[in-house]
Amino acid sequence: MNINTSYLKENDVIVVATSGGPDSMFLLNYLKNDSRNFKLICAHVNHKMRPESDLEYLLVKKYCEKNNIIFEGYEILEYHSDNFHNEARVIRYDFFKNLVKKYHAKYLATAHHGDDLMETILMRIARGSNLSGYAGFKEIVKKDNYICIRPLIHLTKDEIKDYMDQHKLWYAVDNSNAEDHYTRNRYRHHVLPFLKSEDKKIHEKYLKYSEELLKNNDFIERQVKNISKKAYVNNKIIIDEYLILEEFVERRLISKLLHTIYGDDLFLINDAHIDLIDKLIKSKKTNGVVNLPNNYLGVKSYNTFEIIANNNEVINNNNYEFNDFLVIGDYEFSKVDNIDDKSNYVIRLDSSEITLPLYFRYRHDGDKMKVKNLSGSKKIKDILIDAKVPTNKRDLIPLLVDSKDEIIWLPGIKKSQFDKDKQDFCDIIIKCERKEKDEKEKLI
């Protein structure tokens, strides 16, 4: 079969995004049988949206146990957005990135194939996008700390399914894929069959089209970067410099800024958003705001334009279970055996005094904590005010709670009465670090 993984090396550590469907089970099976002895971590997310999902979770886990593959599962217990697919995608990729970090993996492998690429390109043409958006997605994408690979991009869905059926390999069947009320499914059921009837190798033509667009996009990006150095600084558009650029370059800068927030997920963003931002920047208003997807705001303030989180609402109501390592927002939490630090960035706990497991979540109205060395409880809101935390940052700080939702720690700010001094007994030590978006910005 037409799969190229020559870039992979002996004993590489690979996190494999595995839904349990034919595509991801094919990929997991293919990598398992490779002679280079990869260390595989199967990352499975149970979305809890179908009656079969719990059984599929167990069957994927059983497959991994039988084949000596590390299994990591995550269950989404509730959703807080009207856009289920987008919220689920964000949760999935946060989970995958946590596993990459936990296992020091070099690669995250996903099972996107040639049909997926065709569907993505067609949908983006219909919605409107930019040059890189029209290209769909890359086979290999370098991220900050890992490489995302899509080894099946040269295969079709039928080739994958035929292989799985011929070799009698188990995979889950998602019946929702047969429903036409999802946009992608309509392309899959009606447009792709017509294109394939015209040319059985049409997916290869789309892949070549994608690669050509990406080459052109990379070249243009280098030129735009040279032209616009003064107009784009620290993820902000400098308006007086922006206004003297050619329209094409202006729109590229807006796309670049949007990419810092939305990454490659260009289904959320289309030409209308770029037009809206451009209109605000060029308006005579000294200050102005535009609403953007996923609770973000585009903010014009005198001579700058930037994108910030809209903190008038709670950003995320999910509870994130903590075991040994967790990334949530800009915060990174890790369990350590010993550390000299006695600051508010480290907490020491006696597990017999709390109810495990531990979770991180964002604050709720009325939250209170029993502050260390202080009698009684104090509202989290008041603690943040006393610490002079800016209003727009207060909903971005995750809280550590136990299974009874007792607040144990406000990282970097205050610790509860559950915190132990260094000389006291403790069997859980958690360290907090933050990835700064601006090197000049201090940890709150």
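The values are calculated or read from the model by the stated rules, or taken from the named source; none is laboratory data. Keep in mind that what you see is a predicted model, and the values were worked out from it rather than measured. Every residue, glycine among them, receives a Cβ derived from its backbone with ideal geometry; neighbour counts consider all protein chains shown.
Looking only at residues in segment 280-293 that are over 18 Å from residue 256 (Cβ atoms) and out of contact with any helix residue (DSSP H, G or I) (no Cβ under 7 Å at 6 or more places or on another chain), the one that is surrounded by the fewest Cβ atoms within 10 Å (Cβ to Cβ) is 284. Would you call residue 61 surrounded by 12 or more Cβ atoms within 10 Å (Cβ to Cβ) and under 17 Å from residue 173 (Cα atoms)? Yes. For segment 102-149, filtering for residues that are hydroxyl-bearing (Ser, Thr, Tyr) and in a helix (DSSP H, G or I) leaves 3.
Evaluate the following for residue 368: is it free of Cβ contacts under 8 Å to residues at least 24 places away in the same chain and either of a type in the set (A, V, I, L, M, F, W, C) or surrounded by 13 or more Cβ atoms within 10 Å (Cβ to Cβ) (or both)? Break it down into steps so the answer makes sense when it comes.
Working: free of Cβ contacts under 8 Å to residues at least 24 places away in the same chain: no; either of a type in the set (A, V, I, L, M, F, W, C) or surrounded by 13 or more Cβ atoms within 10 Å (Cβ to Cβ) (or both): yes.
Criteria not met by residue 368.
Look at segment 300-328: where a residue is at positive phi, no partner that is among the small types (Gly, Ala, Ser) and at pLDDT below 80 sits 6+ places away or on another chain with Cβ atoms under 6 Å. Here the condition is being of a type outside the set (Phe, Trp, Tyr), loosely packed, with under 12 Cβ neighbours inside 10 Å and either part of a loop (DSSP other than H, G, I, E, B) or modelled with pLDDT under 95 (or both); of 421, 395, 405, it holds for 421 alone.
For every residue, the table says whether it meets (1) touching a Lys or Arg at 6+ places or on another chain (Cβ under 7 Å); (2) not acidic (Asp, Glu).
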site: 324; (1), (2): yes, no
site: 328; (1), (2): no, yes
site: 336; (1), (2): yes, yes
site: 342; (1), (2): yes, yes
site: 345; (1), (2): yes, yes
site: 349; (1), (2): yes, yes
site: 355; (1), (2): yes, yes
site: 362; (1), (2): no, yes
site: 368; (1), (2): yes, yes
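Would it be correct to say that residue 133 is on the phi > 0 side of the Ramachandran plot and at pLDDT below 95? So residue 133 fails the test. The condition of being aliphatic (A, V, I, L, M), farther than 30 Å from residue 66 by Cα and in contact with a Leu (Cβ under 6 Å, 6 or more places away or on another chain) holds for only one of 178, 135, that being 135. Out of the residues in segment 136-179 meeting the condition of being at pLDDT 90 or above and among the polar types (S, T, N, Q), tell me which one is surrounded by the most Cβ atoms within 10 Å (Cβ to Cβ). Only one residue fits best here, namely 156. Taking (1) surrounded by 15 or more Cβ atoms within 10 Å (Cβ to Cβ); (2) over 23 Å from the mean Cα position of the chain (by Cα); (3) at pLDDT below 95; (4) among the basic types (Lys, Arg) in turn, residue 440 satisfies each apart from (1).
Entry remark, segment 201-231: residues being free of Cβ contacts under 8 Å to residues at least 12 places away in the same chain and farther than 26 Å from residue 114 by Cβ number 6 in total. Here residue 182 passes the criteria (1) modelled with pLDDT of 95 or more; (2) assigned by TED's automatic domain parsing to the domain that holds residue 21; (3) under 16 Å from residue 122 (Cβ atoms) except the one numbered (1). All conditions in (1) in a loop (DSSP other than H, G, I, E, B); (2) in contact with a Lys or Arg (Cβ under 7 Å, 6 or more places away or on another chain); (3) not assigned by TED's automatic domain parsing to the domain that holds residue 109 hold for residue 214, with the sole exception of (1). Listed by first and then second residue, the pairs linking a residue in segment 372-391 that is in contact (Cβ under 8 Å) with a residue 40 or more places away in the chain to a residue that is small (Gly, Ala, Ser), with Cβ atoms under 8 Å apart and 6 or more places separating them unless they lie on different chains, are 372/416. Condition check: in contact with an Asp or Glu (Cβ under 7 Å, 6 or more places away or on another chain) and in a helix (DSSP H, G or I). Does residue 99 satisfy that? Yes: the conditions hold for residue 99. Under the condition of being in contact with a Phe, Trp or Tyr (Cβ under 8 Å, 6 or more places away or on another chain) and among the acidic types (Asp, Glu), the residues counted in segment 155-200 number 0. Any residue at all in segment 329-345 that's buried (at least 19 other Cβ atoms within 10 Å of the Cβ), outside the structural domain of residue 262 (by TED's automatic domain parsing), in contact with a Ser or Thr (Cβ under 9 Å, 6 or more places away or on another chain) and not polar (S, T, N, Q)? There is no residue in segment 329-345 that is buried (at least 19 other Cβ atoms within 10 Å of the Cβ), outside the structural domain of residue 262 (by TED's automatic domain parsing), in contact with a Ser or Thr (Cβ under 9 Å, 6 or more places away or on another chain) and not polar (S, T, N, Q). For segment 10-45, a tally of residues being free of Cβ contacts under 8 Å to residues at least 40 places away in the same chain and under 24 Å from residue 177 (Cβ atoms) returns 2.
Taken over segment 13-63, the criterion of being within 17 Å of residue 167 (Cβ to Cβ), among the charged types (D, E, K, R) and in a loop (DSSP other than H, G, I, E, B) is satisfied by 34 alone.
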